[in-house]
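Read-outs throughout are calculated quantities, based only on the coordinates presented, and are distinct from any laboratory measurement. Only a predicted model underlies this, so the values are computations on that prediction, with no experimental measurement involved. Glycine gets a Cβ as well: all are built from the backbone with ideal geometry, and neighbour counts include every protein chain shown.
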Amino acid sequence: MKVLIFFIFYFFFLNFTNLKADEKSNIINTLEKIDNIQFNFSQTTNDITEKGFCTLLFPNKLKCKYDNKNRKELIVNEKMMSITQKRYNKTIFYPLSRSNFISILSKKELIKIITSSDLIIDNYLNIVFYSENGSKTLIQFDKNNFFLVGWVSRDQYNNEITFKIDIVSKNKMIDDEIFSLPSRS
């Protein structure tokens with residue numbers, strides 16, 4: 001009887017392990033076919049929700065326009081990030097190395113993370129990523145089409161940031177100029 005229970009447990013364990021490996025492979029195969037995406041987003045930080053539209057070009061280029069009164073715009077170009085509040089004509093620059101963003105915006109790095117990180121399956125396929133400084137990011141993919149649907153992380157002030165995306169287009173022609181950082185005044 002003990003042998004039968006062991007084989008049943010072992011069988012289910014192997015199937016569950018294979019399922020997780022298959023899910024990771026499906027995510028990677030989907031990512032490899034994508035050069036860029038455009039998406040609507042919803043970003044929640046400390047119960048404040050902001051919405052807008054982004055264009056992501058692999059590797060490491062992102063432009064987001066927020067639908068808010070400050071007309072906030074975020075641009076990532078290689079290793080720098082700028083956040084501009086056009087209403088006030090104010091721009092702040094950050095090195096991307098201070099953010100977990102760099103891992104999500106580089107397809108090559110994202111695939112490394114998927115391969116080496118744990119997968120948790122609930123409403124999403126969640127990749128659990130720990131950065132070098134120990135901060136945790138949950139990168140979420142759709143269970144049916146394996147597309148990126150968002151991430152949950154903490155900022156430098158330990159605020160939880162939930163970023164949900166709804167992809168509206170893939171692999172469109174994109175003018176690289178849209179990722180030009182504003183000039184420093």
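What number, rounded to the nearest 500 deg cm²/dmol, is the helix-based mean residue ellipticity at 222 nm of the chain, given -39500 (n - 2.57) per DSSP H run of at least four residues and division by all its residues?
-8000 deg cm²/dmol
Under 8 Å for C-alpha pairs, at least 6 residues apart: give me the relative contact order for region 100-182, rounded to a whole percent.
Once normalised by length, the contact order is 14 percent.
Starting from 0.36 nm per residue, how many nanometres of slack lie between Ser42 and Ile92 once their C-alpha separation is accounted for? Walk me through the numbers on the way to the answer.
Numbers: separation 50, 0.36 × 50 = 18.00 nm, distance 2.15 nm.
The span from Ser42 to Ile92 would gain 15.9 nm if fully extended.
Do any chymotrypsin sites (Phe, Trp or Tyr not before Pro) in region 102-161 lie in a loop, going by DSSP, with at most 14 other beta-carbon atoms within 10 Å of their beta carbon, and if so which?
Tyr157
Using the Cα centre of the chain as the reference point, and only Cβ charges (+1 on K/R, -1 on D/E), how large is the resulting charge dipole? Debye, rounded to the nearest 20.
Value, rounded to 20: 420 debye.
Pairs of alpha-carbon atoms within less than 8 angstrom and 6+ residues apart define the contacts here; what relative contact order does the chain have, in percent?
22
Where in the chain is the longest stretch that carries no GluC sites (Glu not before Pro) classed as loop by DSSP and with at most 16 other Cβ atoms within 10 Å?
The segment 1-77 is the longest one with no such site.
Calculate, axis by axis, the spread of Cα positions in region 122-182 along the three principal axes, and write the results as whole Å, longest axis first.
For region 122-182, the Cα spread along each principal axis is 36, 36, 18 Å.
Averaging over all projection directions, find the projected area of the Cα convex hull of region 50-183 and quote it in nm² with one decimal place.
On the way: hull surface 35.2 nm².
Result: 8.8 nm².
Checking the table Lys24/Lys61; Lys69/Lys143; Lys112/Lys143 against a 31 Å threshold on Cα-Cα, which pairs fail?
Lys69/Lys143
Taking Cα atoms, how many degrees apart are the long axis of helix 107-116 and the longest axis of the chain, rounded to 10 and kept between 0 and 90?
Approximately 30 degrees, to the nearest 10.
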